1. Would you please give the FRET efficiency between Val89 and Glu68, computed as 1/(1 + (r/R0)^6) with r the Cβ-Cβ distance and R0 = 22 Å, to the nearest 0.05?
2. Extending each Cα 7 Å along its Cβ direction at Ala101 and Glu27, get the distance between those two points in nm, one decimal.
3. Counting only helical runs of four or more DSSP H residues, what would the 222 nm mean residue ellipticity of the chain come to if each run contributes -39,500 (n - 2.57) and the total is spread over all its residues?
4. Counting Lys and Arg as +1 and Asp and Glu as -1, what is the net charge of the other residues whose Cβ lies under 14 Å from the Cβ of Ala114?
5. Enter the angle in degrees (range 0 to 90, nearest 10) between the Cα long axis of helix 123-135 and the first principal axis of the Cα atoms of the chain, meaning the one along which they spread out most.
6. Mind checking the angle between helix 49-65 and the chain's longest principal axis? C-alpha axes, 0 to 90 degrees, to the nearest 10.
7. Can you tell me the 0 to 90 degree angle between the C-alpha axis of helix 69-79 and the longest principal axis of the chain, rounded to 10?
8. Could you list, bin by bin from short to long, the percent of Cα-Cα pairs of region 48-126 in 10 Å steps?
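A short reminder: the numbers here are calculations on the coordinates, not readings from a lab. Note that the structure is predicted; figures quoted are calculated from it, not measured. All Cβ positions, glycine included, derive from the backbone under ideal geometry; neighbour counts span all protein chains shown.
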Amino acid sequence: AKSRETGYRWWTSAGLSLLAVACCGLERFPPAKKHLTEALQIAVDSQDHFVCISALAGTALLLSSQGELARALELYALALCRPFIVNSVWYEDIVGQHITAAAAALPPDVVATAQERGRALDLWETAEQLVAELER
């Protein structure tokens, strides 16, 4: 029963990140924020890398959609440090292209600095901080 519960929790948390991305596409930001907060909390509690990076990518999209471009670039750069995201055509199409297009308004040095900061972030510390930020 424990493995069934763990599997259900994993699919639920992975689904929350995808649901949040869909909400961003529909410009339904409050539900996206709620779903991402829950997914990140589950990721932190379970130390699940896949769920965490999926939620990071979704959070980057949310922040980009709300004009927080430097923070979005940081988070997506951190997510891109993981093979699942960097090799995913889906994430590039749905998240990466949106963030790149939005960041085109920023000076190249600001983009490069934000991406460098993102690559230097600790995955779990960042996830914990995001839970606190998104809950506000």
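1. Working: r = 25 Å, r/R0 = 1.15.
According to the calculation, E is roughly 0.30.
2. 1.4 nm
3. On the way: 8 runs with 107 residues, N = 136.
Roughly -25000 deg cm²/dmol at 222 nm, from the helical runs in the chain.
4. Working: positive: Arg71, Arg117, Arg119; negative: Glu68, Glu74, Asp109, Glu116.
Overall, the nearby charge balance is -1.
5. Computed tilt is about 90 degrees.
6. 40 degrees
7. 50 degrees
8. P(r) for region 48-126, in whole percents per bin: 21, 58, 20, 1.
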